[in-house]
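The structure under discussion appears below in the form of structure tokens.
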Amino acid sequence: MASVPLPARAPERALERPADLARLARVFHALSDETRLRIVGKLLTGEKCVCELTDALEAGQSRLSFHLKTLKDAGLVTDRRAGRWVHYALRPDTLSEITRFVGSVREGAARCC
């Protein structure tokens, strides 16, 4: 599933279109799991081979693959095959979208309350 960037607009406008709402729900769902948050934390220092993530998180490869697929489907990570190994990296554009959205929500809350 290809990730389509959210348009830069006010949070209430970003939630008007069903496609934007579905995209945000996928992103936040992907971030709602402790294992996936740990994966994101490990990827903050740069691209990692799935074998490195398996060792660092002390997780089985099949369990890790499930979580990496969820992150990839949400547009949070990219993958690159190198021989028999797959390397994963964070997508800065998606992280920027999350930052913009949360910042807009915070600004909106400050205006309303």
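Please treat every number below as a calculation from the coordinates, not as lab data. This structure is a prediction, so every number in the text was calculated from the model and none was measured. As a convention, Cβ positions derive from the backbone with ideal geometry for all residues, glycine included, and neighbour counts pool all protein chains shown.
Table for the structure above
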item	result
Selection from segment 32-70 of residues that are without any contact (Cβ under 8 Å) to a residue 12 or more places away in the chain and polar (S, T, N, Q)	Ser32, Thr45, Thr54, Gln61, Ser62
Filtered residue count, segment 43-56, keeping only those that are closer than 22 Å to Ile98 by Cβ and either loosely packed, with under 13 Cβ neighbours inside 10 Å or over 13 Å from the mean Cα position of the chain (by Cα) (or both)	6
